[in-house]
Amino acid sequence: MKFHAVIDVQLHPGIADPQGSTIERALPTLGFDGMSNVRAGKSIHLDIEAADAATAEAQLAEVCEKFLTNPVIEDAKISVVEVAGAN
Amino acid sequence: MAARIGVVRFPGTNCEFDTVEAMNALGGQGEILWHGDNSVGQSDAVIIAGGFAHGDYLRPGAIARFSPIMEAVVAAANDGMPVIGICNGFQVLTEAGLLPGALQKNRGLKFINDWQMLRVESTNSSLTSAAEVGQELNIPINHFEGNYTCSDETLAELRANDQIVLTYTPNPNGSVGDIAGVCNAGRNVVGLMPHPERASNELLGSTDGNVLLQSVLDSVGAAV
């Protein structure tokens, strides 16, 4: 089966996020009020062939741990959706 | 016989020849190690030079750490060989798990290219053995992701084990504990964000980097 995966990479909650803080400071100066706790990460999208969703998620967790994130400072949230029409 | 210093070159490394030149000027024998090789050859010590290995894509050092040469570098480091990471090389060493912590974006979100005062905090490492504790060094920094980050537990451990070898005075990038350079528990692997090779000749404006590079040569002698 083919799945589409979205991996959301964010800095650990305790790690200072200079990019998020800069965006947060800029918001009121642009007239956008009431926004706080800005965190800026990245998302990685990919397709993966696997027997089922659980297997896909397990493989993605491994690739996140080894390569796509630096576990010292980052967390990954993985979501997997089956690609309709694929075998 | 001159100590042989292997300087690793990845696609995107740009300080390897300066580093070889600086080591040669001190009486070492610098030579380039190609990232695709799976051995450090006859090297007595290895320096991973600065630059933007693999374009710094994903994270600085994240792709470089999987190069064939890195397996040999990790094995050599575990055998006690002096392994030094300068700037991008420091980032590669943290990604490879040879050094604790990580380097993230500078606090001010600016690439900083400037002269920087450093303080030697420990002389018990392959990069600082020829220096003195408290010695102040004027050495350039040139980085966007030089903000050293680690957990509170790791920081406490680094302090307890005297693994912080260089600090910034003052702190330019938000690094935890003003850290500019750290070593591993074995004290043979050291990473630093400043560029000692760019402070290795009067023509460059400072020779303060030489005491660090000389330490690497001395460490080779000590290890043999």
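When all alpha-carbon pairs of segment B:149-188 are counted, what percent fall beyond 15 Å?
Everything past 15 Å amounts to 36 percent.
What are the ³J(HN,Hα) values, in whole Hz, obtained from phi via the Karplus relation 6.51 cos²θ - 1.76 cosθ + 1.60 with θ = phi - 60°, for each residue of segment B:80-96 in sequence order, with x given for Gly and Pro?
3J(HN,Hα) across segment B:80-96, in whole Hz: x, 5, x, 10, 10, x, 9, 6, 4, x, 4, 4, 4, 5, 6, 5, 6.
Give me the percent of DSSP beta bridges within segment B:33-176 that run antiparallel, rounded to the nearest 5.
Beta bridges within segment B:33-176, antiparallel portion: roughly 80 percent.
Whole Å is fine, so just give me how far the alpha carbon centre of segment A:1-31 lies from that of segment B:1-79.
34
Lysine pairs in the protein assembly as shown with Cα distance under 27 Å, only those 8 or more apart or on different chains: how many are there?
Going through the protein assembly as shown pair by pair, I get 10.
Chain B: percent of C-alpha pairs farther apart than 33 Å?
5
What percent does the relative contact order of segment A:2-82 come to when contacts are Cα pairs within less than 8 Å and at least six residues apart?
52
Could you tell me how far the Cα centroid of segment A:38-86 sits from the Cα centroid of segment B:162-201, in Å?
Using only Cα atoms to place each centre, the spacing works out to 34 Å.
Nearest 500 deg cm²/dmol is fine: what mean residue ellipticity at 222 nm does chain B get from its DSSP H runs of n ≥ 4 alone, each adding -39,500 (n - 2.57), divided by its residue count?
-7000 deg cm²/dmol
Just the number please: accessible area per residue for segment B:4-223, 1.4 Å probe, all protein chains included, in Å².
38
Once A and B are treated as a pair rather than alone, how much accessible area drops out, both sides summed, in Å² to 100, probe 1.4 Å?
Chain pair A/B: roughly 1200 Å² of buried accessible area.
Using a loss threshold of 10 Å², tell me which positions in segment B:71-120 are less accessible in the complex than in their chain alone. Probe radius 1.4 Å, ligands and nucleic acids ignored.
Residues meeting the cut-off: B:Glu95, B:Gly101, B:Ala102, B:Gln104, B:Lys105, B:Arg107, B:Leu109.
What number, rounded to the nearest 500 deg cm²/dmol, is the helix-based mean residue ellipticity at 222 nm of chain A, given -39500 (n - 2.57) per DSSP H run of at least four residues and division by all its residues?
The helix-only estimate for chain A comes to -8000 deg cm²/dmol at 222 nm.
Per residue of A:69-75, what is the mean number of Cβ atoms on other protein chains within 10 angstrom of that residue's Cβ?
Mean partner-chain Cβ count within 10 Å for A:69-75: 6.
Please give the charge dipole size of segment B:92-224, origin at the Cα centre, charges +1 on K and R Cβ atoms and -1 on D and E Cβ atoms. Round to the nearest 20 debye.
Result for segment B:92-224 is approximately 240 debye, rounded to the nearest 20.
Roughly how many percent of the accessible protein surface of chain B is carbon and sulfur, given a 1.4 Å probe and a whole-percent answer?
48
Running a GNM on chain B with Cα contacts under 10 Å, which residue among B:Cys183, B:Cys150, B:Cys15 ends up with the highest mean-square fluctuation?
For chain B, modelled as a Gaussian network with Cα springs under 10 Å, the answer is B:Cys150.
For the protein assembly as shown, what Kirkwood radius comes out of the mean inverse Cα-Cα distance, in Å?
20.4
Report the equivalent ellipsoid semi-axes for chain A in whole Å, largest first, defined as the square roots of five times the eigenvalues of the gyration tensor built from alpha carbon atoms.
32, 16, 8
Give a quick list of GluC sites (Glu not before Pro) in segment A:24-87 that DSSP marks as loop, anything other than H, G, I, E or B, with at most 10 other Cβ atoms within 10 Å.
When the GluC sites (Glu not before Pro) of segment A:24-87 are filtered for loop state and at most 10 Cβ neighbours within 10 Å, nothing remains.
Can you find, among B:Pro68, B:Gly146, B:Ala96, the residue sitting farthest towards the positive end of the charge dipole of the protein assembly as shown, where Lys and Arg contribute +1 and Asp and Glu -1 at Cβ?
About the Cα centre, the residue reaching furthest to the positive side is B:Gly146.
Which parts of segment B:174-213 would a label at B:Arg119 reach, counting a residue when its backbone N lies under 18 Å from a point 7 Å out along Cα-to-Cβ?
B:174-183, B:193-194
Placing unit charges on C-beta atoms (Lys and Arg positive, Asp and Glu negative, everything else neutral), compute the dipole magnitude of chain B about its Cα centre in debye, rounded to 20.
Using only the charged Cβ atoms, the result is roughly 380 debye.
Counting only C-alpha contacts under 8 Å and six or more residues apart, can you give the relative contact order of segment B:4-223 as a whole percent?
That works out to 20 percent.
The values are calculated or read from the model by the stated rules, or taken from the named source; none is laboratory data. Keep in mind the model is a prediction, meaning the values are calculated, not measured. Reconstructed Cβ throughout: ideal geometry from the backbone, glycine too, with neighbour counts over all protein chains shown. To get the accessible areas, we keep the full protein, side chains included, count just its heavy atoms, and leave off ligands, DNA and RNA. Shrake-Rupley method; radii C 1.70, N 1.55, O 1.52, S 1.80 Å.
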